[in-house]
Amino acid sequence: MDRIRIVGGNELSGSIPISGAKNAALPLMIASLLTDGTLTLENVPHLADVEQLTRILGNHGVDYSVNGRRPKQSEAYSRTVNFTARNIVDTTAPYELVSKMRASFWVIGPLLARMGEARVSLPGGCAIGTRPVDLFIDGLQALGAGIDVENGYVIAKAKNRLRGNRYVFPKVSVGATHVLMMAASLARGETVLENAAREPEIVNLADCLNAMGAKISGAGTSTITIDGVDQLSGASVRVIPDRIETGTYAMAVAMTGGDVLLEGAEPDLLQAALDVIAQTGAEITPTNAGIRVRRNGAGIAPVDITTAPFPAFPTDLQAQFMGLMTMAKGKSHITETIFENRFMHVQELARLGAHITLSGQTAIVEGVSKLKGAPVMATDLRASVSLVIAGLAAEGETLVNRVYHLDRGFERLEEKLSGCGAVIERISG
Ligand code: EPZ
């Protein structure tokens, strides 16, 4: 298994191109199931999760082709990909495929809306918490679907087409909002979703569906209205820049010091996180080319955060922020409200010398003046990258094991960081 070797201590300086967002690309790819036309997605990141979803969609009958690489751009950078679901050949998403990636459960929405049936494996548990699917089931039932859960599969049927309805999410869910928006686009009549997720990825999907002929308004607010249409067509849509990758590299610079331009990053996608990073002492400057992050050696100020749905501080940056706070001049409190078990990085950061105690859903981080490199591993994507950030600032060598987590969500991580002066390399085998 590959590992990442880091020798910490260098400041970062230069520029890092921000890739297309994984969490936007995945639902956009799934939207291709809604039409027999071709959905062209620009700026699709080259990541293990995207490859995995391509395989899952292929199983349902989606063809894909890749084009549009820029000159001198390496094969692994974000690309333009065409997805065409001319015929849906299978409405079952089997356990073997769905269990590898939770977002693949989301195919239930378009399959049901287009084909009147879907049989999708329950995604099962995952390292960051139990992550149930009750909101998907409730919401699809509100649109008139009959749903049974049997032998580990959700079997959804809507023989006479889904019908629009008002649905109030009892809890904000990104995935359930994506799924109900896709399903309601082909339903008969109007659907109103209340307490919907407001994440930028929801807006990207709504824009995509509208380009395909859907009638959606209000995406980005907590009330989304969808006027169902009879059919959708192909379209061409750009994947938004990855706000979590942007925040991750901004925190890396805030931790090591230096001066980096995050090329193509958009501040509006992560304003709450940028405000917090600025409070820690980094200088954040939006420019025409992206976001410039600078920090001198004056030390990192401690800041308390609480994760919450957009527009608040995102759970997907919580681990990285904890990495940054391990070297703050004082004590910070980090409270996780989205997932009940998203503190797997605490033990590993401790291996680098961090002082962190847990009290329920809050981590109390007592900043230390230095971290020391060590072998570490993590059980999820964002936790893994928090160890990379800490390793960049630690003295000596850090070896990050289980690199496949990083490959799920960070395009060309080593290349981007070493291009800014970090000593970081992948060790194969
Ligand atoms: C999306 O997951 C993201 N994944 C996650 O990013 C992100 O952490 C999460 O949203 C929150 O922002 C993708 O976009 C592919 P939710 P999702 O449904 O949609 C509970 C990463 O690292 N819930 O908004 O699965 C759930 O357990 C990943 O890139 C129910 O109770 O998250 C959680 O507590 C990790 N019942 C809360 O809602 C349901 O039916 C929010 O989850 C569905 C969710």
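The values are calculated or read from the model by the stated rules, or taken from the named source; none is laboratory data. All values reported here derive from a predicted model rather than from experimental measurement. Cβ placement follows ideal geometry from the backbone for every residue including glycine, while neighbour counts extend to all protein chains displayed. These accessible areas exclude ligands, DNA and RNA; they are computed on the full protein's heavy atoms, side chains included. Shrake-Rupley method; radii C 1.70, N 1.55, O 1.52, S 1.80 Å.
Can you give the net charge of the other residues whose Cβ lies under 14 Å from the Cβ of THR398, counting K and R as +1 and D and E as -1?
Working: positive: ARG3, ARG5, ARG351, LYS370, LYS372, ARG402, ARG426; negative: GLU348, GLU395, GLU397, GLU414, GLU425.
With Lys, Arg at +1 and Asp, Glu at -1, the net is +2.
Most fluctuating residue of GLU415, GLU51, GLU150 in a GNM of the chain with Cα springs under 10 Å: which is it?
GLU150
Count charges around ARG426 for me, please; just the other residues with Cβ under 10 Å from its Cβ, Lys/Arg as +1, Asp/Glu as -1. Can you show the working numbers first?
On the way: positive: ARG3, ARG5; negative: ASP2, ASP407, GLU414, GLU415, GLU425.
Result for the neighbourhood of ARG426: -3.
Please list, ordered by chain and number, the residues whose modelled amide H lies under 5 Å from the amide H of GLU340; skip anything fewer than 5 residues away on the same chain.
Residues meeting the criterion, in which the H sits 1.01 Å from N, are THR130.
May I ask you to give the solvent-accessible area per residue for the chain, in square angstrom, as obtained with a 1.4 angstrom probe?
Heavy-atom accessible area per residue stands at 38 Å².
Nearest 10 degrees, 0 to 90: what angle lies between the long axis of helix 381-393 and the longest principal axis of the chain (Cα atoms)?
That helix lies at roughly 20 degrees to the long axis.
Lysines within cross-link reach of LYS416: Cα-Cα under 21 Å, excluding same-chain residues under 8 positions apart?
Partners found: LYS22, LYS72.
If I compute solvent accessible area with a 1.4 Å probe over the protein chains, what percent of it on the chain is carbon and sulfur?
Its accessible area is 47 percent carbon and sulfur atoms.
Taking the 0 to 90 degree range and rounding to the nearest ten, how far is the long axis of helix 243-256 tilted relative to the main principal axis of the chain, both from C-alpha atoms?
0
Please sort 105-111, 194-200, 15-21 by packing, taking for each peptide the average over its residues of neighbouring beta carbons within 10 angstrom, highest first.
Taking the mean over residues of other Cβ atoms within 10 Å, the ranking is 105-111, 15-21, 194-200.
Taking every DSSP beta bridge that has both residues in the chain, what percent is antiparallel when rounded to the nearest 5?
Of those bridges, close to 70 percent are antiparallel.
For a quick protection proxy, order the peptides 418-428, 341-351, 32-42, 382-392 by their average other-Cβ count within 10 Å, most packed first.
382-392, 32-42, 341-351, 418-428
I want the antiparallel fraction of DSSP beta bridges within segment 302-429, as a percent rounded to 5.
DSSP beta bridges in segment 302-429 are roughly 60 percent antiparallel.
Where does helix 200-211 land angle-wise versus the long Cα axis of the chain, in degrees 0 to 90, nearest 10?
Once rounded, one gets 30 degrees.
How big is the chain in terms of Cα radius of gyration and Dmax, in angstroms?
Rg and Dmax of the chain, Cα atoms, are 21.5, 65 Å.
Just tell me which lysines come within less than 21 Å, Cα to Cα, of LYS329; anything on the same chain fewer than 8 places away is out.
Qualifying lysines at Cα under 21 Å: LYS370, LYS372.
Return the lysines within reach of LYS171: Cα separation strictly under 20 angstrom, same-chain partners fewer than 8 residues apart disregarded; answer none if there are no such residues.
The reachable lysines, counting only those whose Cα sits under 20 Å from LYS171, number zero.
Out of PRO94, PRO241, PRO170, any idea which swings most in a Gaussian network model of the chain, alpha carbons joined below 10 Å?
PRO170
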